[in-house]
Amino acid sequence: MKIFRSSFIVSIIALIAAYIYAGWDGLMITAILAVLEISLSMDNAIVNARILERMSLAWRKIFLTVGILIAVVGMRLIFPLLIVGVSAHLDPVSAMRLALEKGDPSIPGTYGYILHHAHPTISAFGGMFLLMLALGFFFDKRAHTWLKLPEKLLQQIGHFPAANAIISLIILLLTAEFVAADAHAILFSGILGIVTYMLVNGFGEMMTEHLPRHATGEARYAVGRAAFSLFMYLEVIDASFSFDGVIGAFAITSDPIIILLGLGVIGAMFVRSLTLYLVEKGTLNELVYLEHGAHWAILTLAILILASIRWEIGEAVTGLLGGLIIVLSFVSSVLYNRTH
């Protein structure tokens, strides 16, 4: 409870603010968005926890303070405004004014409509980034395998040089050719997602592989530039997870303030508290298949995000599939521990 105390306090303040701003309806919608964000972000928290384990206590606090500001203000407020501003050729003030008008997302020219119209290119970027993230996990040799046959096969494929980039590019080409209406825009955004992953991940590995070690040979926590690179990696991962949720929230409400309070303030705070809980309790080391389940959920999410470029796929579908996979991996981990 100590870890989640700040999240509960912030949530109460956010719900009070939602009530003052939009009455009981605003409070209820904020609560619904918060529950959706928390339930859909289990895989995000698991991936974040594994990276956060490599960072010093000081940088973990930065992730929970500065990082939360980036997640809330940056991804849930500034990013949608930026997308609308670029798409509609509006300055920031005009984009904010348009957002506060709370127009119907089904009506052309409204804030929600413009953001929804930009969904394909955003999905291409986020989908390819998450695809690279998931494949990168399975292409590496692991001490354990959960789904034996597919994971062994993916490990074999991973021995081929640049397998992750090659397969991701093939999937991107197929998506642009057979799924997307605007192949050029999808290719550009997808390649940008691939390059972003390669740059951030490569820079992080370069900075952390030379970490000083204890006498036992165990690597010390990342600090300085190494920790900063991991911090930026975490923020890009969080951004990729939040793309679809931010746009999908407009199916519930077109009010950017309510979306900010539900997804950002409450949702992002609980995801970070959950991440810290997993790190401090060593849950990922005790439940050996949980990380595998999270990456299968991410792989599923990436495929669904790419499919959503053409077809409408509800948040409930992605959330239920991801949650089911993680629950199965949790049960498998418990059974493994009992037999070993």
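The values are calculated or read from the model by the stated rules, or taken from the named source; none is laboratory data. Here the structure is a predicted model, which is why all the values come from computation and not from measurement. Every residue, glycine among them, receives a Cβ derived from its backbone with ideal geometry; neighbour counts consider all protein chains shown. Calculation scope for accessible area: heavy atoms of the full protein, side chains included, ligands and nucleic acids excluded. Shrake-Rupley method; radii C 1.70, N 1.55, O 1.52, S 1.80 Å.
Taking the Cα centre of the chain as the origin and placing charges on Cβ (Lys, Arg +1; Asp, Glu -1), which of S94, L192, N44 is farthest toward the positive end of the dipole? Most positive-ward Cα: N44. Among S273, A162, T283, which residue has its Cα positioned farthest towards the positive end of the charge dipole of the chain, with +1 placed on the Cβ of Lys and Arg, -1 on the Cβ of Asp and Glu, and the dipole taken about the Cα centre? Of the listed residues, the answer is T283.
Computed about its Cα centre, the charge dipole of the chain is approximately 1020 debye, with only Lys, Arg, Asp and Glu carrying charge at their Cβ. Cross-link partners for K281 among the lysines, with Cα-Cα distance under 16 Å and sequence neighbours closer than 8 places in the same chain left out: K2. Within the chain, the longest segment free of exposed loop sites, counting trypsin sites (Lys or Arg not before Pro) that fall outside DSSP classes H, G, I, E and B and have at most 16 other Cβ atoms within 10 Å, spans 3-140.
In this structure the stretch 72-189 gives 52 Å² per residue of accessible area when probed at 1.4 Å with all protein chains present.
Relative contact order (percent) for the chain, with alpha-carbon contacts under 8 angstrom and 6 or more residues of separation? Answer for the chain is 35 percent. Divided by 2.2 N^0.38 Å, where N counts the residues, the Cα radius of gyration of the stretch 42-81 comes to 1.30. The stretch between V86 and Q155, if pulled fully straight at 0.36 nm per residue, gains 20.7 nm over its current Cα-Cα span.
Volume per residue for the stretch 58-97 equals 59 cubic angstrom (convex hull of Cα atoms).
The length gained on full extension between E280 and I9, counted as 0.36 nm times the residue separation minus their Cα-Cα distance, comes to 95.5 nm.
Here the calculated FRET efficiency for I20 and N337, from their Cβ-Cβ distance with R0 = 51 Å, stands at 0.60, rounded to the nearest 0.05. What the stretch 1-58 shows is 53 Å² of accessible area per residue, with the surface traced by a 1.4 Å probe over protein heavy atoms. In the chain, the longest principal axis of the Cα atoms and the axis of helix 224-248 are about 50 degrees apart. Identify, among L81, F139, I237, the residue whose Cα sits farthest towards the positive end of the charge dipole of the chain, taking +1 on the Cβ of Lys and Arg and -1 on the Cβ of Asp and Glu, with the dipole about the Cα centre. It is F139. The order of F188, F270, F228 by accessible area, most exposed first and with a 1.4 Å probe, is F188, F228, F270. The angle between the Cα long axis of helix 42-52 and the main principal axis of the chain comes to about 50°, on a 0 to 90 degree scale.
Taking Cα atoms only, the orientation of helix 269-280 departs from the longest principal axis of the chain by about 10 degrees. With a simple spin-label model that places each label point 7 Å from the Cα along the Cα-to-Cβ direction, the separation between V93 and A143 comes to 5.9 nm. Compute the FRET efficiency between A185 and A165 as 1/(1 + (r/R0)^6), taking r as their Cβ-Cβ distance and R0 = 22 Å, and round to the nearest 0.05. Given R0 = 22 Å and the Cβ-Cβ separation, E is 0.60.
Here is the size of the chain from its Cα atoms: Rg then Dmax, 20.1, 64 Å. If only the Cβ of Lys and Arg carry +1 and only the Cβ of Asp and Glu carry -1, the dipole of the stretch 47-201 around its Cα centre is close to 740 debye. Rg and Dmax of the stretch 1-77, based on Cα coordinates, read 14.4, 43 Å. Solvent-accessible area assigned to carbon and sulfur over the chain amounts to 70 percent, based on a 1.4 Å probe. Taking the chain as a Gaussian network of alpha-carbon nodes connected by springs under 10 Å, the highest mean-square fluctuation of the residues F160, F137, F79 belongs to F160.
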